[in-house]
Every structure is written in C-alpha cells, then in structure tokens.
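K.L.:
Dropping the structure in here first, questions after.
The values are calculated or read from the model by the stated rules, or taken from the named source; none is laboratory data. Worth saying up front: this structure is predicted, and the values here are computed from it rather than measured. Positions of Cβ are backbone-derived with ideal geometry, glycine not excepted, and every protein chain shown enters the neighbour counts. Surface accessibility is based on the protein's heavy atoms, side chains included, excluding ligands, DNA and RNA. Shrake-Rupley method; radii C 1.70, N 1.55, O 1.52, S 1.80 Å.
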Amino acid sequence: MSFFKKLKSAISGFVSRDKTVHVGDRDLEDLLIEADFGYTLSSKIASEIGRSDDVITALKEKLESILAPLMKELEVDSSKKPYVIVLSGVNGSGKTTTVAKLAFALKARGYSVSIAACDTFRAAAVDQLSVWATKVGCEIFKAETPKDPASVAFDALRSIKSDVLIIDTAGRLHNNPDLMNELAKLYRVIAKFDAAAPHMNLLVLDATTGQNVIEQVKEFGRIHPISGVIISKIDGGAKGGAIVRVASEFNIPVLGVGTGEHEGDFEAFSVDKFLLDLVE
Ligand SMILES: Nc1nc2c(ncn2[C@@H]2O[C@H](COP(=O)(O)OP(=O)(O)OP(=O)(O)O)[C@@H](O)[C@H]2O)c(=O)[nH]1
Ligand SMILES: [Mg+2]
C-alpha cells in the first residue's frame with residue numbers, strides 16, 4: 001500500500017458516527033510524524049487543519065500549497081555548450097540510473113548527450129555507466145587508467161562536442177569530509193571551463209530514505225548550490241512526508257521523479273499524481 005493510501009486510511013479511521021472525520025490535531029500530528037513529515041512540519045500542519053471537518057481534503061490542499069511552487073520542468077539552456085549537469089547524492093540513491101534516464105530524455109528532445117564516468121571509486125561503477133551509454137546510445141568519457149573524478153571531468157570538458165554533458169559521481173556520505181572535499185574539487189575544475197558551470201547541479205534523493213534527506217540537502221548544498229532535486233524510487237513504498245519536508249524547508253525545485261529501473265522511468269514531478277492516493 002502506498003504511503004498516501006496508508007495515511008488516508010489512518011485518517012479515515014477517525015470517522016465519527018455523524019460521518020465527519022474528527023481526527024483532532026494531536027492524532028493528526030502523530031500520523032504525520034509517522035509518515036516522515038518531521039516534528040515541526042507535522043505540528044504546524046496539524047494545528048492548522050487538524051480540526052477541519054474534512055481533514056483529508058484540507059490536508060490535500062495544504063500539501064498542494066507546499067508542493068506546487070516547486071514543480072519545475074528540467075530544461076536545458078542551449079546557449080551554454082556543453083550544458084553541464086552534475087548528479088550527486090549518497091550511496092545508492094539512484095545517481096547512475098538517473099544519468100541514463102536524463103540522457104535518454106534529453107536525446108529524445110533532440111540534444112546530443114555525453115556522459116562522464118566520474119565515479120572512479122569502483123571499476124564496476126564505470127562498467128555500469130558504460131552499459132547505460134550503450135543502451136541509451138550516447139558517448140561516454142571515462143579514464144583508461146585510474147584517475148581522480150576531477151581529472152575525468154577535465155578531460156571530458158576539454159574534448160566534448162555534444163550539447164549536454166551529464167556527470168555521474170560516486171555515492172558519498174554527506175558527513176564524510178574527505179569525500180565531500182573531493183566533490184568540491186570536481187566543481188572547482190568544472191568552473192575553470194565555464195564559471196557558470198555546472199549549469200545544473202542535481203541532488204538525487206531516494207524517496208524511501210525518510211528524514212535523512214534533510215541532512216543530505218543541507219550538506220550537499222554546502223559544497224555547491226543545488227539547482228534541483230530528483231526524487232528516485234517514487235514507485236517503491238515512498239516516505240512521502242520527507243519529500244514534503246524538503247519542499248517546505250528548502251526552496252529547491254523537484255526537477256523529476258524516478259519511477260522504476262529503466263531509462264524511460266522518469267517523469268516531471270506532478271503534485272496531482274503525488275497526492276492522488278490521498279483523494280481517490
Ligand atoms: N524502483 C526503482 N529503482 C531505482 C530507481 N532509480 C534507481 N533504482 C535502483 O536503485 C539501485 C541503485 O541505483 P544506482 O543508479 O546504481 O544508484 P547510485 O546512486 O548510482 O549508487 P552508487 O553509485 O553506488 O552510490 C539500482 O538497483 C537501481 O536499479 C527508481 O526510480 N525506481
Ligand atoms: Mg552510481
């Protein structure tokens with residue numbers, strides 16, 4: 001059962017004999033905390049709408065008002081060539097798969113796309129990206145001998161002819177200073193080619209992660225300003241509350257959602273779709 005269906009059925013459990021839903025603000029707060037909205041946002045929403053007669057509709061409207069301003073289409077500025085996109089995030093969040101999804105989507109829009117294998121920690125990571133490059137049909141830049149990520153990006157930027165360069169990076173814990181410094185170096189090298197690059201700096205968040213995404217946004221954003229987040233694995237048992245919390249705490253657009261493991265499983269973020277379970 002999806003996250004919102006669970007939340008809705010929990011709220012519906014409070015239907016009284018006169019058929020109105022009297023959840024009460026304390027109970028609603030608990031339900032929202034359980035759904036990963038975090039304490040502050042949960043108590044704020046609960047105090048605002050907990051006593052409404054129709055809590056489900058009120059909650060839907062509230063969430064719409066938080067999320068709607070952050071819906072944004074991913075767009076490439078053709079005046080920047082190459083248009084450089086960097087994907088970062090913690091281990092396993094879905095970066096490499098998202099690189100492939102973006103390459104696939106942008107190719108379909110007529111752009112020529114190259115990808116750079118700047119996850120140089122594991123040979124398997126380069127192999128994984130190479131398989132995607134073949135599948136999606138785009139050029140890949142990778143080091144023949146072990147190199148640091150910044151050198152791979154440097155070589156790619158020096159020789160690229162495509163409209164768009166998408167850079168895959170290694171998964172790293174946001175509280176590991178060495179790995180975060182390595183990421184900072186990557187951004188510095190990219191900026192040597194074009195001070196405005198990367199033109200899009202995307203943080204990939206795993207929708208099933210929960211509260212930790214807040215720390216991830218803060219710490220990755222400290223290394224380089226985040227242009228937008230991609231929410232991966234929204235098809236799984238997503239903890240929707242954490243996404244709402246990211247939206248309410250940071251003014252960062254959601255530039256897409258991952259809906260599966262294939263290259264075509266990528267969509268623009270739709271608030272209506274996200275909230276569908278809550279109203280159906
Ligand atoms: N269901 C589902 N699975 C996804 C999605 N995105 C990625 N995955 C899966 O999540 C796993 C990790 O994806 P990767 O793209 O390798 O993640 P990563 O962030 O590159 O991982 P590291 O490089 O190891 O940090 C793989 O099994 C993917 O198939 C998604 O939107 N939905
Ligand atoms: Mg990867």
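K.L.:
Among the listed residues I223, I230, which satisfies the condition of being more than 12 Å from ligand 1 (Cβ to nearest atom), of a type in the set (A, V, I, L, M), closer than 30 Å to I33 by Cα and outside the structural domain of K62 (by TED's automatic domain parsing)?
P.N.:
Numbers: I230 fails: more than 12 Å from ligand 1 (Cβ to nearest atom).
After ruling out the rest, the residue left standing is I223.
K.L.:
Further question: With the stretch 172-280 as the region, which strands (runs of 3 or more DSSP E) entirely inside it contain at least 2 residues that are within 16 Å of ligand 2 (Cβ to nearest atom) and surrounded by 21 or more Cβ atoms within 10 Å (Cβ to Cβ)?
P.N.:
Working: elements: 200-206, 228-232, 254-258.
So the answer is 200-206, 228-232.
K.L.:
Please list, ordered by first then second residue, the pairs with beta carbon atoms under 9 Å, 6 or more apart or interchain, first in the stretch 98-115 and more than 14 Å from ligand 2 (Cβ to nearest atom), second open to solvent by 50 Å² or more (accessible area, probe 1.4 Å) and in a strand (DSSP E or B).
P.N.:
Correct list of pairs: S112/E139; V113/E139; S114/E139.
K.L.:
Still on this structure, please answer the following. Residues of the stretch 68-89 being on the phi < 0 side of the Ramachandran plot, within 16 Å of ligand 2 (Cβ to nearest atom) and in contact with a helix residue (DSSP H, G or I) (Cβ under 6 Å, 6 or more places away or on another chain), which ones?
P.N.:
Going through the stretch 68-89, the residues on the phi < 0 side of the Ramachandran plot turn out to be 68-88.
If we keep only those that are within 16 Å of ligand 2 (Cβ to nearest atom) too, we end up with 85-88.
Residues satisfying the conditions are L87, S88.
K.L.:
Of (1) over 29 Å from G264 (Cβ atoms); (2) assigned to a helix (DSSP H, G or I); (3) open to solvent by 50 Å² or more (accessible area, probe 1.4 Å), K147 satisfies all except one. Which?
P.N.:
(2)
K.L.:
Here's something else I'd like to know. Looking only at the stretch 64-93, which residues are within 16 Å of ligand 1 (Cβ to nearest atom), assigned to a loop (DSSP other than H, G, I, E, B), buried (at least 23 other Cβ atoms within 10 Å of the Cβ) and not polar (S, T, N, Q)?
P.N.:
Answer for the stretch 64-93, where residues must be within 16 Å of ligand 1 (Cβ to nearest atom), assigned to a loop (DSSP other than H, G, I, E, B), buried (at least 23 other Cβ atoms within 10 Å of the Cβ) and not polar (S, T, N, Q): G89, V90.
K.L.:
Could you list, ordered by first residue, the pairs with Cβ atoms under 6 Å in which the first is in the stretch 42-66 and not assigned by TED's automatic domain parsing to the domain that holds A247 and the second is open to solvent by 50 Å² or more (accessible area, probe 1.4 Å), at least 6 apart or interchain?
P.N.:
Correct list of pairs: S42/I33; K60/V279; I66/S248.
K.L.:
Does V99 satisfy the condition of being within 14 Å of I140 (Cα to Cα), open to solvent by less than 50 Å² (accessible area, probe 1.4 Å) and not hydroxyl-bearing (S, T, Y)?
P.N.:
Criteria met by V99.
K.L.:
Looking at the stretch 154-197 only, could you name the residues that are among the small types (G, A, S) and within 16 Å of ligand 1 (Cβ to nearest atom)? Outline the logic, then answer.
P.N.:
Looking only at the stretch 154-197, we keep the residues that are among the small types (G, A, S), and these are 156, 159, 162, 170-171, 184, 191, 195-197.
Scanning the stretch 154-197 gives A170, G171.
K.L.:
Here's something else I'd like to know. Return the residues of the stretch 106-134 that are open to solvent by 30 Å² or more (accessible area, probe 1.4 Å) and either more than 13 Å from ligand 1 (Cβ to nearest atom) or touching a Phe, Trp or Tyr at 6+ places or on another chain (Cβ under 7 Å) (or both); say none if nothing qualifies.
P.N.:
K107, A108, R109, G110, Y111, S112, T134
K.L.:
Can you confirm whether the stretch 244-257 contains a residue that is outside the structural domain of I11 (by TED's automatic domain parsing) and either among the aromatic types (F, W, Y) or farther than 27 Å from F4 by Cβ (or both)?
P.N.:
First, the residues of the stretch 244-257 that are outside the structural domain of I11 (by TED's automatic domain parsing): 244-257.
In the following step, the residues that additionally are either among the aromatic types (F, W, Y) or farther than 27 Å from F4 by Cβ (or both) were identified as 250.
Within the stretch 244-257 (the criterion being outside the structural domain of I11 (by TED's automatic domain parsing) and either among the aromatic types (F, W, Y) or farther than 27 Å from F4 by Cβ (or both)), the answer is yes, since at least one residue qualifies.
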